[in-house]
Amino acid sequence: MKITSTNIARPTTIIWNEKEVTTGIYKTPTIEPIFLGKNEVKNDEVTDRKHHGGEFKACYLFSDNQYEYWKNLYPNLDWNWGMFGENLTVNGLDETKLFIGDIYKVGDALVQVTQPREPCFKFGVKFGNQKALNQFIEHGFSGTYVRVLEEGFVKTGDSFKRVEQAKNSITTWQFFNLLFSKEKDLEFIHLILNNDALPQSIRDKLKSFIK
């Protein structure tokens, strides 16, 4: 995996249900390296602290390999890297091969795969269609958030080197589908209940499906 683009956002105001809402989803490519901090990417807008930023969502990665699929669905949008609100657009990122808890060295930083992105109304607003949320879920390739174990700068062209593979885990792709499936795979749930790469709140929610 290699960084295609580093992206940050300034606060942008959108209208939702006749109310003004500030968001950081409108990210654009940077020329300079960006700094991955423990709770956020430096100089990047994080408005909704309840759902973005923090230890388990310090930085969001999305695959540039998925862009073509979405360009075909929405050819009239103004396309550029960062379109999905990702801080790092990554070539070769494959959710079917990324395990929750995997640890990677990239640039000066050490990061751990935590959880997939769950789309919200802001994603629909940006794509001009709230149906985009279901399309995102059905497609299944969500990108991933990472926890920053060691802070540092990263830049375009930096490669990801896996330094530790998670044991007794499931892939980001499997976990994303688990979140949205009506019938929960109990084997998957048991595998990740003690995975500390997931926040305790998510693990507690998953426990509720075990009878």
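The values are calculated or read from the model by the stated rules, or taken from the named source; none is laboratory data. Everything numeric in this text was worked out from a predicted model, so none of it was measured. We place every Cβ from the backbone using ideal geometry, glycine too, and count neighbours over all the protein chains shown. Heavy atoms of the whole protein, side chains included, go into the accessibility calculation; ligands, DNA and RNA do not. Shrake-Rupley method; radii C 1.70, N 1.55, O 1.52, S 1.80 Å.
Quick notes
- Within the range 156-211, helices (runs of 4 or more DSSP H) holding 3 or more residues that are more than 24 Å from Val106 (Cα to Cα) and among the charged types (D, E, K, R): 200-207
- Phe141 being within 16 Å of the chain's Cα centre (by Cα), open to solvent by 40 Å² or more (accessible area, probe 1.4 Å) and not acidic (Asp, Glu): yes
- Per-region count, the range 108-135, residues over 20 Å from Lys27 (Cβ atoms), touching a strand residue (DSSP E or B) at 6+ places or on another chain (Cβ under 9 Å) and of a type in the set (D, E, K, R): 1
- Restricted to the range 13-47, and to residues there that are among the aliphatic types (A, V, I, L, M) and under 21 Å from Asn129 (Cβ atoms), the residue that is modelled with the highest pLDDT is Ile25.
- The condition (being crowded, with 23+ Cβ neighbours inside 10 Å, part of a strand (DSSP E or B) and modelled with pLDDT of 95 or more) is satisfied by just one residue among Phe84, Phe62: Phe62.
- Of all the listed residues (Phe121, Phe175), the sole one being of a type in the set (A, V, I, L, M, F, W, C) and closer than 22 Å to Leu93 by Cα is Phe175.
- Selected residue (only one of Glu183, Glu150, Glu187 is open to solvent by 40 Å² or more (accessible area, probe 1.4 Å), at pLDDT 95 or above and out of contact with any Phe, Trp or Tyr (no Cβ under 8 Å at 6 or more places or on another chain)): Glu150
- Any hit, the range 30-40, residues being open to solvent by less than 60 Å² (accessible area, probe 1.4 Å), under 15 Å from the mean Cα position of the chain (by Cα), under 17 Å from Pro119 (Cα atoms) and hydrophobic (A, V, I, L, M, F, W, C): no
- Screening the range 1-24 for residues that are part of a loop (DSSP other than H, G, I, E, B) and touching an Asp or Glu at 6+ places or on another chain (Cβ under 9 Å) and picking the one that is nearest to Val146 (Cα to Cα) gives Met1.
- Residue that is touching a Phe, Trp or Tyr at 6+ places or on another chain (Cβ under 6 Å) and of a type in the set (D, E, K, R), where the choices are Asp108, Asp64, Asp78: Asp108
- Count of the range 96-132 residues, restricted to those that are within 16 Å of the chain's Cα centre (by Cα), open to solvent by 30 Å² or more (accessible area, probe 1.4 Å) and of a type in the set (S, T, N, Q), is 1.
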